[in-house]
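Have a look at the structure below, then the notes.
The values are calculated or read from the model by the stated rules, or taken from the named source; none is laboratory data. What you see is a predicted model; the values in this text were computed from it and never measured. Positions of Cβ are backbone-derived with ideal geometry, glycine not excepted, and every protein chain shown enters the neighbour counts. Only protein heavy atoms, including side chains, enter the accessible area calculation; ligands, DNA and RNA are left aside. Shrake-Rupley method; radii C 1.70, N 1.55, O 1.52, S 1.80 Å.
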Number of protein chains: 4
Amino acid sequence: MNPETIERIRRFTEDRNWDQFHSPANLAKSISIEANELLECFQWDEENYDLKHVKEELADVLVYCRNMLDKLGLDEDEIVNSKMEQNEKKYPIEKSKGKADKYDQL
Amino acid sequence: MNPETIERIRRFTEDRNWDQFHSPANLAKSISIEANELLECFQWDEENYDLKHVKEELADVLVYCRNMLDKLGLDEDEIVNSKMEQNEKKYPIEKSKGKADKYDQL
Amino acid sequence: MNPETIERIRRFTEDRNWDQFHSPANLAKSISIEANELLECFQWDEENYDLKHVKEELADVLVYCRNMLDKLGLDEDEIVNSKMEQNEKKYPIEKSKGKADKYDQL
Amino acid sequence: MNPETIERIRRFTEDRNWDQFHSPANLAKSISIEANELLECFQWDEENYDLKHVKEELADVLVYCRNMLDKLGLDEDEIVNSKMEQNEKKYPIEKSKGKADKYDQL
């Protein structure tokens with residue numbers, strides 16, 4: 001996300017004095033709620049989805065994730081790289097190539 | 001997210017030939033599943049959470065969101081700014097300041 | 001659910017003194033968390049699921065729903081019949097037959 | 001659930017010819033989606049919830065659970081009792097009394 005976009009999200013919260021509602025737990029609920037509005041785009045038909053709607057719901061998930069990063073003072077690249085390092089170890093290429101199995105069943 | 005981090009996520013998928021599993025619907029399910037692993041960190045106690053675990057689960061949500069952006073060829077800043085524009089209109093500062101009400105109840 | 005099964009669920013909570021954790025909000029989180037463990041059974045492959053696992057996760061959802069009914073003093077048949085009445089009106093047979101559209105798009 | 005309520009749910013699906021949409025995977029998505037509409041009742045304020053709304057969303061979760069039981073030919077009491085047996089073993093009273101810890105941390 002560009003610094004301008006991040007700043008826009010922060011200002012939106014600040015201008016409305018909404019930081020008081022943004023406990024980590026409330027943000028976790030919100031990410032799940034928006035993730036399920038995204039999932040609803042694919043509820044009965046997984047092929048013919050409304051792309052405009054998908055974009056809006058995915059954006060909502062991303063905004064609440066940004067709120068949580070801000071709230072907890074986290075760096076997105078740091079936590080993602082740290083997790084990718086774990087994933088790369090849990091799913092060695094030779095064992096997991098072309099297979100959707102969970103790491104404990106490889 | 002830095003270009004290097006984005007590239008690392010893409011390479012992870014490519015190296016394992018996992019793009020075949022990444023239908024938009026499967027990714028939507030995955031975002032919800034990871035969002036709920038994040039929510040689980042706050043299931044019974046919203047104050048004393050395990051920050052290390054929170055970081056890992058939030059990273060998982062972000063990685064699947066990135067996978068979906070890639071799959072659908074979307075630009076993160078574009079969809080987020082477009083949604084923020086809607087949010088700014090739906091929640092005028094004077095009406096929503098300090099209130100957690102939904103826009104249709106303002 | 002048989003009265004014996006309901007009683008078993010209640011005793012399980014009582015014996016562990018877990019009612020203190022069962023706020024309606026915590027139970028709502030728990031229902032969502034278990035619903036997503038159920039969803040995980042269908043994450044990458046919707047046809048070849050592990051039925052034993054599906055049964056366990058569906059049971060977890062049902063147990064937390066029962067906890068919530070108990071916590072709020074609700075009668076399952078009453079709330080379900082009341083909602084079915086709404087559904088029957090929102091989805092008239094002639095309009096919705098064979099279509100998965102949402103009621104506001106019929 | 002009373003046999004009459006179960007029958008009403010079945011008839012609702014049959015009358016609309018909706019069984020075709022009720023794959024186990026679609027029902028799992030639906031349970032998660034409705035669970036999150038329930039969770040939304042507690043998104044920003046966990047104490048002052050709209051009980052009428054809570055009842056409706058909990059009913060929706062229960063209806064989709066019933067659809068899944070029917071679809072897979074499962075007996076609710078059987079799967080719940082089988083899971084309760086596991087839970088009783090995983091959470092021995094003396095170890096888990098008054099504690100919300102997960103079984104693997106007891």
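Filtered by the rule that a residue be open to solvent by 40 Å² or more (accessible area, probe 1.4 Å) and either touching a Phe, Trp or Tyr at 6+ places or on another chain (Cβ under 6 Å) or part of a helix (DSSP H, G or I) (or both), the stretch C:88-106 gives C:Glu88, C:Lys89, C:Lys90, C:Ile93, C:Glu94, C:Lys95, C:Tyr103, C:Asp104, C:Gln105. Candidates in the stretch D:61-73 are the residues that are open to solvent by 20 Å² or more (accessible area, probe 1.4 Å) and of a type outside the set (Lys, Arg); of these, the one that is farthest from the other protein chains (Cβ to nearest Cβ) is D:Asp70.
Checking A:Glu76, A:Glu85, A:Glu7, A:Glu40 one by one, the residue that is at the interface with chain B (Cβ under 7 Å from one of its Cβ atoms) and open to solvent by 10 Å² or more (accessible area, probe 1.4 Å) is A:Glu76 and no other. When restricted to residues that are in a helix (DSSP H, G or I) and among the aromatic types (Phe, Trp, Tyr), the stretch A:29-69 contains 1.
Restricted to the stretch A:10-19, and to residues that are facing another protein chain (nearest Cβ under 7 Å) and open to solvent by less than 50 Å² (accessible area, probe 1.4 Å), which residue is nearest to the chain's Cα centre (by Cα)? Steps first, please.
Residues of the stretch A:10-19 that are facing another protein chain (nearest Cβ under 7 Å), as a first pass: A:12, A:15-17.
Subset that is open to solvent by less than 50 Å² (accessible area, probe 1.4 Å): A:12, A:16.
On the way: A:Phe12: 19, A:Arg16: 23 Å.
Across the stretch A:10-19, the extreme among qualifying residues is A:Phe12.
Within the stretch D:20-34, the residues that satisfy the criterion of being more than 7 Å from chain C (Cβ to nearest Cβ) and in contact (Cβ under 8 Å) with a residue 40 or more places away in the chain are D:His22, D:Leu27.
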